[in-house]
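Chemist: Here it is, the structure in full.
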Amino acid sequence: MTRTIAGLDIAHRIEQKIPGAVEGAIPEAATVKADKLAEVCTFLRDDPELKLEFLSSLTAVDQLEYFEVVYHLTSIRLNQMTAIKVKASDRENPRVPSVTPIWPGANLQEREAYDLMGIVFEGHPDLRRVFLWDGFDGWPLRKDYLVGPGGRFPGLERFPGESREPLGGRG
Amino acid sequence: MTVQTEPFVVNLGPQHPSTHGVFRLRLTLDGEKIIDADMVMGYLHRSMEKLAEERTYTQNIPFTDRTDYLAAMTGNLAYVIAVEKLCGIEPPERAQWLRTIMCELQRIASHCMAVGIFANDCGAWQTPVMHMLRDREKVLDLFEMACGARLTLNYMRIGGVSRDVPPEFMPAARKLIKELPKKLNEYEDLLLENEIIVERSRGIGVLTPEQAMAHSVSGPMLRASGVAWDIRKADPYAAYDKVDFDIAVGVHGDVYDRFVVRLAEMRQSVKILEQALDLIPEGASADSDRATDRPARGAAGHPAAGRRGVWAYRITPGRAGVLPRERR
C-alpha cells in the first residue's frame, strides 16, 4: 500500500529544512510559498527519507480568489506519495516558478496549465499553448470563462430558469 | 567523398495513418535520423474538465470512457474510485472482483491493439493485427454481454458496477482465458524473433530508469526501462490485493522491450483472470442505497493502472459542496 504522507507531516518536514517556506497545510496537502518552491521541490526530490522523484501530476485549480497549482508527488523507491500546492493570487497575471528543471516531466503539464488556466510558469524552457492555437482568446478552464467567443455556452442548460447572463468574464 | 547534409523540417500528420489519431509531429531530420521532434496536439481536445464542471458525479462517468476509448473500463474505474474516496463509499466485494475482471479483460484487449498495430507500423502489414483483432473481438463480446456496449462501456458506477454479469458470462470468460495462452504463444512465435521487428525496434528510443522516472513515465513504458513499479501491486485497489501475479519488466528500455513487456503483461492478465473467476463471491454488485451523488468537501483522487500507465482523476468539489462551479 502506498503510504500517503499527510499535508501536516510534509509541512513539518519542509519547515524544518527550509524555515518560512510553508504557508499552510490541510490534511491532503501542504501549501508552499511561491518564492521557495524550487528549493522545496529540490529538497522533496533529493531527501533520503522522501525521495519523491516522480511527479505524478501537475494541475491547476481556479479557487476564484486565487489560483492553486497542485503537485502530486510519488516516491517509487519508498512507495509513498504526497501533494503540495502553490498559490498564485494575482488573477490578471498569475505567476508560479516552473518545476521543469527539477522534474522534466512537468514540461507538458505546465504548458497545459498555462494553455487552459493562463498561469505563467517562470523559468519554463518553452511555454507555449499546447492544445489551443496561438492567439486563442482567453483561458477556458477558468471559472469565469462561461461565455465562449461568439456567445456559445459550454454544457447544457440544466436548471430551469437558470440565468445565462455572463458572470463577469470575457464575452 | 563526404556528403554535405543539412537538417530539414517535415510535418508528420495531423492526418497520417501511423499517428493513430489526429496528432502532428514537426520533425527535424538529418538524412533519415530524427534529431528533434515537436508535438502539436489538441486537434481532438474535448475539454472534458470544463464539461464535467456542470455535471453531477454520475453524469461524468461516460466522459471517462472517451478519455481512452481503447480502455474505457479502466477510465471508468479510475474515476469512480476517486469519487468513492471523496464520498467515503465502499463497494461490495462482488463489485470489486467484477471490476478487477473487467479491467484485466480490458488490458488484454488494449494490449492486443497496441502490439498488433505496432507490428503493423513496423511493416508486418495486417497479418498480426488481424490475429489480435480477432481475440480482442472476443473480449468485446464479453463486454457486450455485461453492459450492452463494446467500446464506450459506461459500466462502472459510484458504489459498484451498473449491473451484475449475466449467467453466461462466466463460462464464456473461462473459455476465453483457456484459449488465450495458445494465442499468446502464436503471437510470440510470429513476432518476438521476427527480424524486421527486432531490427526496427531494438536499441531505439532508449529511456534509462532515471530518465523515465524524471519524465513522469509510468505503466509498461516505465517497466520496460527496468523499474518494477505497478500501481496494482504498489497501491492495490479493487481486488488486486487478493490475486497473485508478477510484474513484467524489461532490461534495455527500448521500443522492443516495451513490446515484449506488453506481451508478457497479457500473460499476467490471464493469470489474474484465472484466479478472479474462481474467487469471485456471490452477492450484490452495487451498493445501491449509497450509489448516489452526495456533496463532499476536500479533494480526492486515487491512481489506477491504465494500459498506458497510471491513470488518476483529481476531483475538487466546489465550496457550495455540490458542483465545482461558482453559482451566484
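Chemist: If a residue must be assigned to a helix (DSSP H, G or I), among the polar types (S, T, N, Q) and more than 19 Å from the chain's Cα centre (by Cα), how many such residues does region B:89-133 contain?
Modeler: 2
Chemist: Quick check: anything in region A:22-31 more than 14 Å from chain B (Cβ to nearest Cβ) and either in contact (Cβ under 8 Å) with a residue 12 or more places away in the chain or of a type in the set (G, A, S) (or both)?
Modeler: Checked region A:22-31: at least one residue is more than 14 Å from chain B (Cβ to nearest Cβ) and either in contact (Cβ under 8 Å) with a residue 12 or more places away in the chain or of a type in the set (G, A, S) (or both).
Chemist: Next up: State the number of residues belonging to region B:104-128 that are closer than 18 Å to B:R267 by Cα and of a type in the set (V, I, T).
Modeler: 2
Chemist: Could you tell me how many of the residues in region A:124-164 are β-branched (V, I, T) and modelled with pLDDT under 60?
Modeler: Number satisfying all stated conditions: 1.
Chemist: Quickly run through region A:129-139 and pick out the residues that are crowded, with 20+ Cβ neighbours inside 10 Å and either at the interface with another protein chain (Cβ under 10 Å from one of its Cβ atoms) or within 18 Å of A:A34 (Cα to Cα) (or both).
Modeler: Result: A:V130, single match.
Chemist: Next question, about the same structure. Every residue in region B:52-65 that is farther than 14 Å from B:I315 by Cβ and out of contact with any Lys or Arg (no Cβ under 9 Å at 6 or more places or on another chain), please.
Modeler: Of everything in region B:52-65, those that are farther than 14 Å from B:I315 by Cβ and out of contact with any Lys or Arg (no Cβ under 9 Å at 6 or more places or on another chain) turn out to be B:P62, B:D65.
Chemist: Next question. Suppose we filter region B:168-190 for residues that are of a type in the set (A, V, I, L, M) and over 23 Å from B:I272 (Cβ atoms); how many remain?
Modeler: Result for region B:168-190: 1.
Chemist: Here is a follow-up. From B:S216, B:S225, grab the single residue that is within 14 Å of chain A (Cβ to nearest Cβ), free of Cβ contacts under 8 Å to residues at least 12 places away in the same chain and either touching a Lys or Arg at 6+ places or on another chain (Cβ under 9 Å) or surrounded by 14 or more Cβ atoms within 10 Å (Cβ to Cβ) (or both).
Modeler: Criteria check complete, one pass: B:S216.
Chemist: Determine, yes or no, whether A:N107 is over 20 Å from A:E39 (Cα atoms) and either more than 9 Å from every other protein chain (Cβ to nearest Cβ) or surrounded by fewer than 23 Cβ atoms within 10 Å (Cβ to Cβ) (or both).
Modeler: The answer is no for A:N107.
Chemist: Go through region A:88-100 and report how many residues are surrounded by fewer than 19 Cβ atoms within 10 Å (Cβ to Cβ) and touching a residue at least 40 places away in the same chain (Cβ under 8 Å).
Modeler: Number satisfying all stated conditions: 1.
Chemist: Quickly run through region A:1-32 and pick out the residues that are of a type in the set (K, R), modelled with pLDDT of 90 or more and surrounded by fewer than 16 Cβ atoms within 10 Å (Cβ to Cβ).
Modeler: A:K17
Chemist: Please state which one of B:G31, B:G21 is within 30 Å of A:D134 (Cβ to Cβ), small (G, A, S) and not assigned by TED's automatic domain parsing to the domain that holds B:F245.
Modeler: B:G21
Chemist: Tally up the residues in region A:110-128 that are within 21 Å of A:S56 (Cα to Cα), assigned to a loop (DSSP other than H, G, I, E, B) and within 11 Å of chain B (Cβ to nearest Cβ), please.
Modeler: 1
Chemist: So for region B:143-153 (the condition being outside any helix (DSSP H, G or I) and surrounded by 24 or more Cβ atoms within 10 Å (Cβ to Cβ)), does at least one residue qualify?
Modeler: The answer is yes; a qualifying residue exists.
Chemist: Give me a count of the residues in region A:46-61 that are more than 9 Å from chain B (Cβ to nearest Cβ) and either within 27 Å of A:L116 (Cα to Cα) or assigned to a loop (DSSP other than H, G, I, E, B) (or both).
Modeler: Counting residues in region A:46-61 that are more than 9 Å from chain B (Cβ to nearest Cβ) and either within 27 Å of A:L116 (Cα to Cα) or assigned to a loop (DSSP other than H, G, I, E, B) (or both) gives 7.
Chemist: While we're here: It is to be established whether one or more residues within region A:37-45 are in contact with an Asp or Glu (Cβ under 9 Å, 6 or more places away or on another chain), under 22 Å from B:A214 (Cβ atoms), basic (K, R) and touching a residue at least 40 places away in the same chain (Cβ under 8 Å).
Modeler: Checked region A:37-45: at least one residue is in contact with an Asp or Glu (Cβ under 9 Å, 6 or more places away or on another chain), under 22 Å from B:A214 (Cβ atoms), basic (K, R) and touching a residue at least 40 places away in the same chain (Cβ under 8 Å).
Chemist: If you don't mind, another one. State all residues of region B:11-30 that are within 20 Å of B:Q126 (Cβ to Cβ) and touching a helix residue (DSSP H, G or I) at 6+ places or on another chain (Cβ under 6 Å); if no residue qualifies, say none.
Modeler: B:S18
Chemist: Kindly check whether there is at least one residue in region A:67-80 that is aromatic (F, W, Y), surrounded by fewer than 21 Cβ atoms within 10 Å (Cβ to Cβ) and more than 10 Å from chain B (Cβ to nearest Cβ).
Modeler: The answer is no, given that none of the residues of region A:67-80 is aromatic (F, W, Y), surrounded by fewer than 21 Cβ atoms within 10 Å (Cβ to Cβ) and more than 10 Å from chain B (Cβ to nearest Cβ).
The values are calculated or read from the model by the stated rules, or taken from the named source; none is laboratory data. Here the structure is a predicted model, which means the values were calculated and not measured. Glycine gets a Cβ as well: all are built from the backbone with ideal geometry, and neighbour counts include every protein chain shown.
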